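Since every read-out is calculated from the coordinates, none of them should be taken as a lab result. Nothing here was measured: the structure is a model prediction, and the numbers come from that model. All Cβ positions, even for glycine, are placed from backbone atoms using ideal geometry, and neighbour counts span all protein chains on display.
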Amino acid sequence: MSFERLQRPSPSFQHDEDWDNEQDIEHAEPAVSIDPPRTVDEYLQSIRSKGDIEMKEDSKGLAQETVMEWKSSNPTKPTLLVSDKALLIREMMFGAPSDKDSFYVTVLIDDSTDTEIQIMINQFLVDSEKLILTLTPNSASANRVQDIVDPGAKENVLGNRVASNFTNTPEAEQNCGGYCYDAAKGRFNRAYKDIMGVDTKDITGDDFNPVKSTYYRLWSSQGKDNPADVAGGGGPGAIVNQGWGEFVDHKGIWEDGKLRPGAVIQTWPSEEDYKKVKTGSAMFGHSFIFLEYVRENNDPQGKITHVKTANQWGQDLFTDTSFGNYWIGANITASPPKENLPNAKTSASVAEILSGNNKIDESAAVDKNIANGKVNDLDAVKITAAIRAKTTEIKDEKIKNAMLGLNPDRFNIYFAQLVALYQLANGEKPTGIFDNATCMRLTGKNLAEATDLKK
């Protein structure tokens, strides 16, 4: 599907000749001059000559139209320099970006090289933090920008998966109930298996028995025989004890903003209560997953006012006194061995797919080494073709939704089907995004059905 520039109708008026005949010319209202709609070329010339964004009423719409025309098959479409892309991104990010702004900013970023993105940020004043927020945190595009800005963020592969697994779960299913530490532990364990390819219980011996399992005992803050340096630390202590994370103290969480997506948090009423738990006393606390910071006036450099979290009740906003004044966090530092990274990529990376990553490597997704030998050459050819077709359908659907004023990333059947194809490429059961009967109907139950799906 090609991009076509939206045509905005010119204002028209019905002229009543009798009006002039019946009205005294001395009392007639002066004619109102209405500027005709501007073209993309006129808008581009304006921002290029200014070297800055316009911030006019029609500027965002013209910036979106510019991207649409640039991506079209029109032989006279504009050529965008790096400086042009930066100005268009800044124009669409001005104020509160809409879903359409986010979509077209993503198009520009996905069609730019890493060097171009660095130039936009370092030379042409694109705010990297606001850019990541506009692209949607934890999306493939946002993570790419984060890696360019802060290469160390690549270490958070597992943490990002913890967060994205939750955010890509339907809201009605985010409230899992139960104990807080069981919910947080379950979310961490699921992501660990997604990325590392093994169950945590195969490493920790976690059988929900606090007598036998230090891992479970730390998560549930039970017992007095835990290692002294992690006792009382709840989930963060359990992760640090396994060598999978690093502690972040209360100041680091709230003043320095050091938490990364997917970090695990444990709170206690006070430091004194925390010390009592270390020695085996039972105290009321809370355990949950960190998603992102909320700052004053939505300023990326502003004071942290809340943290967005995932607990057993779903998504919540907490302040530094919610569920206690003593917070312990742990950023997840564990990452898969290099040989496991391709396997993790093909294992239903919902975050990448839902973010509309336009640079999916179809051949890598079905490589026999990646698939651990579970996919033969003939099946690989079928899956490659099906993945390419579904990727194209997703791109077309996103474009159509954007032109209709809808959320470009809203869920549709193609997302579920593409996830199933990635699962098949990895020799897994094609359960789709939500792993339920509905997804099985959408994706098919086997290779033949999944590679010959109808709308």
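Add +1 for every Lys or Arg and -1 for every Asp or Glu among the other residues with Cβ under 13 Å from the Cβ of ARG48, and state the total.
Spelling it out: positives minus negatives among the neighbours equals -4.
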Q: Arrange the following residues from fewest to most other Cβ atoms within 10 Å of their Cβ: ILE121, ILE289, ILE132.
A: ILE121, ILE132, ILE289
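Count neighbours as other Cβ atoms within 10 Å of each site's Cβ, and list the GluC sites (Glu not before Pro) in region 253-309 that are DSSP loop with at most 12 such neighbours. List each step's numbers first, then the result.
Numbers: sites: GLU255, GLU271, GLU272, GLU292, GLU296; in loops: GLU255.
Qualifying residues, ordered by number: GLU255.
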Q: Using only alpha carbons, build the gyration tensor for region 35-135 and give me the equivalent ellipsoid semi-axes, biggest first, whole Å.
A: 19, 15, 13
**Q.** Packing-based exposure ordering (other Cβ within 10 Å, fewest first) of HIS286, HIS306
**A.** HIS306, HIS286
Q: Loop only per DSSP, at most 12 neighbouring Cβ atoms within 10 Å: give me the trypsin sites (Lys or Arg not before Pro) in region 255-339, ordered by residue number.
A: LYS303
Q. Could you give the distance between the Cα centres of region 256-270 and region 211-228, to the whole Å?
A. 20
Q | Relative packing of 161-168, 233-240, 311-318, which averages over residues the other C-beta atoms within 10 Å, highest first | A | 233-240, 161-168, 311-318
Q: Please list, in chain and number order, the residues 5+ apart from THR305 or on another chain whose amide H is under 5 Å from its amide H, with Hs placed from the backbone.
A: VAL294, ARG295, GLU296
Q) Per-residue HN-Hα couplings for region 157-168, Karplus 6.51 cos²θ - 1.76 cosθ + 1.60 at θ = phi - 60°, whole Hz, x for Gly and Pro? A) 4, 5, x, 4, 5, 4, 5, 6, 4, 6, 5, 8
Q. Could you give the nm distance between label points at HIS306 and LYS212, where each point is 7 Å from its Cα heading toward the beta carbon?
A. 4.2
Q. For region 295-307, in order, what is each residue's ³J(HN,Hα) by Karplus, 6.51 cos²θ - 1.76 cosθ + 1.60 with θ = phi - 60°, in whole Hz (x at glycine and Pro)?
A. 10, 4, 6, 6, 7, x, 9, x, 5, 6, 10, 8, 10
Q) Applying the Karplus parametrisation 6.51 cos²θ - 1.76 cosθ + 1.60 with θ = phi - 60° to the phi angles of region 128-133, what ³J(HN,Hα) value in whole Hz is obtained for each residue in order, glycine and proline being reported as x? A) 5, 5, 5, 4, 4, 5
Q) Given a Förster radius of 25 Å and the C-beta distance between GLN174 and VAL198 as r, what FRET efficiency does 1/(1 + (r/R0)^6) yield to the nearest 0.05? A) 0.45
**Q.** Other-chain or far-sequence residues with amide H under 5 Å of ASN331's (modelled H)
**A.** GLU246, VAL248
**Q.** Distance in nm between pseudo-label sites at LYS50 and GLU246 (7 Å out along the Cβ direction from Cα)
**A.** 4.3
Q: Could you check the simple spin-label distance between LEU81 and TRP313, using points 7 Å along Cα→Cβ, in nm with one decimal?
A: 5.4
